[in-house]
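Heads up: the structure comes next, in structure tokens.
The values are calculated or read from the model by the stated rules, or taken from the named source; none is laboratory data. Everything numeric in this text was worked out from a predicted model, so none of it was measured. Methodologically, a virtual Cβ is constructed for each residue, glycine included, from the backbone with ideal geometry; neighbour enumeration extends over all protein chains shown.
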Amino acid sequence: MKRSWWKESIVYQIYPRSFNDTSGNGLGDINGIIEKLEYIKSLGVDIIWLNPIYDSPDNDNGYDISDYKRISEDFGGNKVFDELIEKIHSHGLKLIMDLVANHSSDQHSWFKEAKKSKLNPFHDYYIWKDGKINEHPNNWESVFGGSAWKWNKETEEFFLHLYTKNQPDLNWENPRVRKEIYSIIDFWLSKGVDGFRMDVISLISKKLDFENVPKEISFKDVMEKFYANGPRVHEFLKEMNREVLSKYDIVTVGEGPGINLEKGLSYVDENEKELNMVFHFDHLTIDFGPKGKYDPIPIDFIRFKKIFSQWDFLLADKGWNSIFLGNHDFSRIVSRFGNDNKYRVESSKLLVTLLMTLRGTPYIYQGDEIGMTNISYPSIDYYDDVETINAWKEAELNGENMSEFLRSVHLQSRDNARSPMQWNLNKNSGFTNGKPWIPVNDNYKIINVSSQLKDSNSTLNYYKEIIALRKTNSTLIYGEYKDLKPDHPQFFIYKRWDENHNFLIIHNFSEKLLKWENVSIMDYNLIFSNYKIEKNQIEIRPWETRVYKLKNY
Ligand code: GLC
């Protein structure tokens, strides 16, 4: 296994609009990030990933970019951003930006031109199909509901938008589009940015026959077989790598809807020179029911473990994994995979122990380090997220029981992860002096950074300690992995080892008291746990996690 700085790094993801507001406009900003760099550094992480902060009409909170080379004035503009890069680097940290290259905003000058006429030089920057106003080119649906095609009356054509109708898909078949994107990448890298998280990068190459999707297949299959992994995706990524990425010492992680076990390695195979890592969603779609995300089903824990083992095996020798349990598109990890009630603290600590002891680069999402939980706004009017609101409208049209649907929103809405960071006991949790763009979770009085800094047993202090453990044990980074109890319904028990050390990690993903009998614990030194442990205590308590190291190895 080749060693690299980005394999040894831990990433902290910031959702800027919800992180820290210094201007009082209710929206987090770059100065707010600068103000918290000491805090971020104190966690022990290495890389900051920022969700998009470019110019945008914000139909999808910045994932609809209207100028790729400008930082939105809402966040402070380009000058403050230059200062941010410099300060991040002077703190010994690195910065990755979000690159949203599958689509632009419909307010981008390219699209404003493109829609004017078929002869416009920018027309071919997007994907157009002739048709009649009510006869859509095919039955493709957008990820956020409704047809993936929108009529453009000026040219009497449809354009493709796999996300909202304000996010037209770019035409990567056009070499000029690709050149533009590479020049954008180069623009930011030459400023000193250390890499990119590439939004829905698996979708950039389209299947040009635009075949209808069969009625009976699941959305997951539609994604894997129709929208993602198009015929030229690897050619485009290799070109991007050759033309620009390879000229810098940077890190890339591709967001990969539709990237499954079959396709995973092809994107990150070190010999192929495309991307360093991808985010696959096999474990994050595990509770999607027959009708998708807003039709949640209980988590199949054995499958959950199997997904980690399969991906570890797939990438073990030739690629590298990204290890994450949540981000700005999913609910809070403690509410989803842990227990945000009685065992909130224990299970938050367990989940980060999982992140820090698997093979791959771990990603922490802002607020998880204090165990922030899902938010249950009282009605749909409080929600901002376009995905949630579209899903709500669709459910209404389908005559669903809306009070039940609100419960699904409470479980699954992306706004769960987007409520403001909980800093302290001040008004609005110290996030803003103004009116927050989305309401703060009331539980900030219990869950906040400032109280946890003072409590040596807090989730926050545990995060710092387990991060330090990982950083100082390269076995936990590069070592082999094996699940020792794949069929156990509550335990996740695995070893990590190399020629120097041998770790045994035990997690109890339940409220039950469990016994682990197969291994003589006497042979091991306990080096980490989220509980106080009496000598040789065999019973593993609710949401307990333990890291052991073999004595004579
Ligand atoms: C990615 C982003 C998500 C966004 C979508 C469309 O999935 O993470 O927030 O809505 O792409 O750009």
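Here are a few things to note about the model shown:
- Among residues of segment 526-553 that are among the polar types (S, T, N, Q), those with a Cβ under 9 angstrom from a residue that is part of a loop (DSSP other than H, G, I, E, B), sequence gap 6+ or separate chain, pair up as S529/E544; N530/W543; N530/E544; Q537/Y531; T545/N530; T545/Y531.
- Which numbered condition W516 fails, given (1) in contact with a helix residue (DSSP H, G or I) (Cβ under 6 Å, 6 or more places away or on another chain); (2) within 16 Å of T353 (Cβ to Cβ): (1)
- Tallying residues that are more than 16 Å from the ligand (Cβ to nearest atom) and over 24 Å from I527 (Cβ atoms) within segment 321-343 yields 6.
- Tabulated pairs, segment 364-391, first without any contact (Cβ under 8 Å) to a residue 24 or more places away in the chain, second basic (K, R) and buried (at least 24 other Cβ atoms within 10 Å of the Cβ), C-beta under 7 angstrom, 6+ apart or interchain: none
- Checklist (1) in a loop (DSSP other than H, G, I, E, B); (2) farther than 19 Å from D487 by Cα; (3) not polar (S, T, N, Q) applied to K512, failing item: (2)
- I302 being outside any loop (DSSP other than H, G, I, E, B), away from the ligand (no atom under 16 Å from the Cβ), surrounded by fewer than 16 Cβ atoms within 10 Å (Cβ to Cβ) and modelled with pLDDT of 95 or more: yes
- Here segment 387-422 is the region considered, the condition is being assigned to a loop (DSSP other than H, G, I, E, B) and within 25 Å of D58 (Cα to Cα), and the residue that is nearest to the ligand (Cβ to nearest atom) is R418.
- Here E480 passes the criteria (1) touching a strand residue (DSSP E or B) at 6+ places or on another chain (Cβ under 8 Å); (2) touching a residue at least 60 places away in the same chain (Cβ under 8 Å); (3) within 14 Å of K305 (Cβ to Cβ) except the one numbered (3).
- Qualifying residue in segment 499-506 (condition: outside any strand (DSSP E or B), within 29 Å of the chain's Cα centre (by Cα) and over 12 Å from T357 (Cα atoms)): no
- Figure legend. Inter-residue proximity from segment 451-471: first residues of a type in the set (D, E, K, R), second residues assigned to a helix (DSSP H, G or I), beta-carbon distance below 8 Å, spacing 6+ or different chains. Indicated pairs: D455/N461; K464/S42; K464/L43; R470/M356; R470/T357; R470/L476; R470/I477.
- As for segment 109-117, it holds no residue that is within 16 Å of the ligand (Cβ to nearest atom) and among the hydroxyl-bearing types (S, T, Y).
- Residue list for segment 161-179, filter: assigned to a loop (DSSP other than H, G, I, E, B), away from the ligand (no atom under 13 Å from the Cβ) and not acidic (D, E): N171, W172, N174
- Tally, over segment 280-322, of residues that are under 24 Å from V233 (Cβ atoms) and either without any contact (Cβ under 8 Å) to a residue 60 or more places away in the chain or in contact with a Cys (Cβ under 8 Å, 6 or more places away or on another chain) (or both): 14
- Number of the exception - K318 against (1) away from the ligand (no atom under 16 Å from the Cβ); (2) assigned to a helix (DSSP H, G or I): (2)
Residues checked against (1) surrounded by fewer than 22 Cβ atoms within 10 Å (Cβ to Cβ); (2) farther than 18 Å from K225 by Cα; (3) among the small types (G, A, S):
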residue	(1), (2), (3)
V251	no, yes, no
G256	no, no, yes
L261	yes, no, no
L265	yes, no, no
V268	no, yes, no
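- Candidate set: segment 366-380, residues that are touching a helix residue (DSSP H, G or I) at 6+ places or on another chain (Cβ under 7 Å), buried (at least 23 other Cβ atoms within 10 Å of the Cβ) and not hydrophobic (A, V, I, L, M, F, W, C); chosen: the one farthest from I477 (Cα to Cα): T373
- Residue list for segment 59-72, restricted to those being more than 8 Å from the ligand (Cβ to nearest atom) and either of a type in the set (K, R) or part of a loop (DSSP other than H, G, I, E, B) (or both): N59, G62, I65, S66, K69, R70, S72
- Some residue of segment 148-160 being closer than 30 Å to H89 by Cβ, out of contact with any Cys (no Cβ under 8 Å at 6 or more places or on another chain) and within 16 Å of the ligand (Cβ to nearest atom): no
- Flag if P137 is in contact with a strand residue (DSSP E or B) (Cβ under 6 Å, 6 or more places away or on another chain) and away from the ligand (no atom under 16 Å from the Cβ): yes
- Scanning segment 73-128 for residues that are exposed (fewer than 14 other Cβ atoms within 10 Å of the Cβ), in a helix (DSSP H, G or I) and among the small types (G, A, S) yields S90, S109.
- Test: residue in segment 38-51 that is within 16 Å of the ligand (Cβ to nearest atom) and touching a residue at least 60 places away in the same chain (Cβ under 8 Å): yes
- Restricting attention to segment 73-99 and to residues that are within 16 Å of the ligand (Cβ to nearest atom) and not acidic (D, E), the residue that is farthest from S9 (Cα to Cα) turns out to be L99.
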